[in-house]
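Comments concern the structure below.
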Amino acid sequence: TLCVSCVVLLIVVGILVALAFMFGLYESFFFKNDGSNTTPSLPRIKDDFKTALAHLTDAVYFSSPLSVQSRALNWILDTDPLQLYPDDDNLIQRYALMVIYFTIDSSDTILDWETSLTHECEWESISCDEGNNVTEFVLEGRSSRGSIPSEIGGLSSLKRFSILENAWEGSIPSDFYELALLEYVDLSRNFLTGTIDEAIGDLTNLKLLDVRSNYFEGTLPVSISKLVQLEELTFVETNLGGPILDYVMNLTNLRILELIDNEFSGTIPSTIDSLKRLVWFKLHANMFSGSVPSQVGTLVNLDHLALSSESFTGSLPNELGYLTKLTHLFIHTTEIEGNIPTQLGMLRNLSSLDIAFNHFNSTIPTELGNIVGATSMTLAHNDLSGSIPSELGSLSGLEVLQLNGNDLSGTVSSEICELKQTGLTTFAVD
């Protein structure tokens with residue numbers, strides 16, 4: 001009887017094991033292997049993915065197996081370890097990132113996304129919020145060759161986009177201007193072309209926009225005036241033109257305004273006094289004209305002031321003496337004439353004073369000897385006359401003093417000669 005019971009027990013155990021094994025096969029076949037046991041494992045049909053991505057990519061791009069869009073989709077279908085489905089929340093952003101990845105020249109092996117086994121939020125150059133939405137794409141100083149694809153519009157939570165110091169080409173796609181949450185955009189030092197679209201005014205959350213050293217064309221759209229959150233606006237060596245200053249006077253949060261070496265034109269409006277937070281104000285090497293308004297003297301937070309254009313005229317306003325936080329003053333190659341304001345002597349924090357290649361026709365103010373922080377003073381190539389004031393000899397930190405190209409007379413005082421013992425390395429005078 002005992003043996004019969006043992007046989008029966010073994011049979012029952014065998015049946016249970018068999019059933020458990022069969023159920024395991026059933027489960028692994030019919031359900032995703034994600035531990036949830038709730039999602040039926042449906043066939044992953046390529047056309048369903050194309051439909052899910054249709055708002056980002058036109059179907060014509062999927063017809064070419066060599067397009068970056070096809071390569072990105074095929075990677076998701078055939079290689080991606082996450083094995084996503086068309087209704088997965090992160091499909092759109094993962095696909096958009098892989099399109100960007102495949103636009104980067106394959107010889108620039110700078111990212112390992114294609115072989116990554118992880119969620120895109122863990123990829124190099126990517127940051128996400130708590131909901132695993134991509135908020136930052138930062139690829140700086142890598143010299144990579146690529147472009148900005150229209151699929152970037154799939155990164156709808158993006159707040160920061162920086163490709164500083166690379167070699168990306170092409171124009172800025174219209175989809176880029178639909179990234180309404182963008183706060184920080186740095187496209188500087190690339191080979192981007194085309195125009196800046198009027199739609200840039202839709203990026204109303206922007207705080208920084210830096211597009212220096214690219215190859216754009218045309219004028220900056222008036223819609224730039226809508227970017228009232230901007231704190232830094234940098235257009236340096238971009239080929240852009242137009243009356244930009246008329247558009248930025250209501251951007252009262254601006255701290256940095258750099259518009260160097262472009263084709264910008266117009267005058268400095270008297271409403272410049274609305275930009276009270278400005279720290280850097282650089283306009284040199286453009287086509288600006290007219291006089292420097294006295295209202296510039298109200299920008300009391302300025303640290304850098306740089307103006308140069310052969311079309312600047314008039315005299316330098318005495319009100320510049322109120323800019324007591326200035327460390328750099330650059331007024332170079334203009335038609336400005338008249339006296340060097342004695343009020344410049346109030347700028348005791350000034351490290352560099354460069355007012356060369358103008359038409360100042362006064363004497364050198366003795367008050368310049370009060371600029372105790374000066375390390376460089378360049379007054380060369382003006383129409384200055386008279387003697388070199390001995391008061392400049394009190395500038396013990398002076399390393400550069402250039403007074404050549406003027407009509408100065410008299411002898412150099414012993415006080416100035418003694419500066420060579422305290423660090424003066426460059427002294428130019430006719």
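Jot down the per residue volume, in cubic angstrom and as a whole number, of the convex hull over the alpha-carbon atoms of region 73-147.
Numbers: hull volume 6.8 nm³, N = 75.
Given the Cα convex hull of region 73-147, per-residue volume reads 90 Å³.
How many percent of Cα pairs in region 292-430 exceed 20 Å? Could the numbers behind the result be given before it?
Values: 3928 of 9591 pairs.
The share of Cα pairs beyond 20 Å in region 292-430 comes to 41 percent.
For helix 91-103, report the angle its Cα long axis makes with the longest principal axis of the Cα atoms of the chain; keep it between 0 and 90° and round to the nearest 10°.
60 degrees
Would you calculate a helix-derived [θ] at 222 nm for the chain, using -39,500 (n - 2.57) for each DSSP H run of n ≥ 4 and dividing by the full residue count, to the nearest 500? Could the numbers behind the result be given before it?
Numbers: 7 runs with 72 residues, N = 430.
Value at 222 nm, helices only: -5000 deg cm²/dmol.
Counting only heavy atoms of protein chains, what accessible area per residue, in Å², does the chain have with a probe of 1.4 Å?
Numbers: 19890 Å² over 430 residues.
Per residue, the chain has 46 Å² of solvent-accessible surface.
For region 153-249, give the percent of accessible area contributed by carbon and sulfur heavy atoms, probe 1.4 Å, rounded to a whole number.
So the carbon and sulfur contribution to the accessible surface is 43 percent.
Once phi is turned into θ = phi - 60°, what whole-Hz ³J(HN,Hα) does the Karplus curve with 6.51, -1.76 and 1.60 give for every residue of region 60-67, x standing for Gly and Pro?
Couplings: 4, 6, 7, 6, 9, x, 9, 5 Hz.
Helix 68-78 against the longest principal axis of the chain: what's the angle in degrees, Cα atoms only, rounded to the nearest 10?
That works out to roughly 30 degrees.
So which GluC sites (Glu not before Pro) in region 87-176 end up in coil per DSSP with only 10 or fewer other C-beta atoms within 10 Å?
Glu130
Less than 12 Å from a label point 7 Å out along the Cα-to-Cβ axis of Asp48: which backbone N atoms in region 66-96 qualify, by residue?
Answer for this model: 84-88.
Let's test this: bin the Cα-Cα distances of region 141-233 at 10 Å from zero up to the farthest pair and state each bin's percent.
P(r) over region 141-233, rounded to whole percents: 17, 53, 29, 1.
Summing Lys, Arg as +1 and Asp, Glu as -1, what charge do residues with Cβ under 12 Å from the Cβ of Phe235 carry, Phe235 excluded? Each step should come with its number before you reach the end.
On the way: positive: Arg212, Lys282; negative: Asp210, Glu232, Glu237, Glu258, Asp261, Glu263.
With Lys, Arg at +1 and Asp, Glu at -1, the neighbours total -4.
Taking a temperature of 25 °C and a viscosity of 0.890 mPa s, what whole-number D in µm²/s does Stokes-Einstein yield for region 166-301 with Rh from Kirkwood over alpha carbon pairs?
The calculation lands on 163 µm²/s.
Can you give the angle from 0 to 90° between the axis of helix 2-30 and the longest principal axis of the chain, with both taken from C-alpha atoms, to the nearest 10?
Orientation of helix 2-30: about 40 degrees from the principal axis.
Tell me the carbon and sulfur percent of the accessible area for region 64-114, rounded to whole percent, probe radius 1.4 Å.
Working: 990 of 2130 Å².
That fraction is 46 percent.
Compute, for the chain, the length of the dipole vector about the Cα centre, with Cβ point charges of +1 (Lys, Arg) and -1 (Asp, Glu) only. Units Debye, rounded to 20.
Details: 21 positive and 55 negative charges, 117 e Å.
In debye, rounded to 20, the chain gives about 560.
Keeping all protein chains in the complex and leaving out DNA, RNA and ligands, what accessible area do you get for Val60 with a 1.4 Å probe, in Å² to the nearest 10?
So the heavy atoms of Val60 present about 90 Å² to solvent.
Determine by what factor the alpha-carbon radius of gyration of the chain differs from 2.2 N^0.38 Å, reporting the quotient. Intermediate values should be presented prior to the final figure.
Numbers: Rg = 32.6 Å, N = 430, 2.2 N^0.38 = 22.0 Å.
Here the Cα radius of gyration is 1.48 times the empirical estimate.
The values are calculated or read from the model by the stated rules, or taken from the named source; none is laboratory data. All values derive from a computational prediction rather than experimental measurement. Quick reminder, even Gly has a Cβ in these numbers, built from the backbone with ideal geometry, and neighbours come from all protein chains shown. Accessible surface areas use protein heavy atoms only, side chains included; no ligands, DNA or RNA. Shrake-Rupley method; radii C 1.70, N 1.55, O 1.52, S 1.80 Å.
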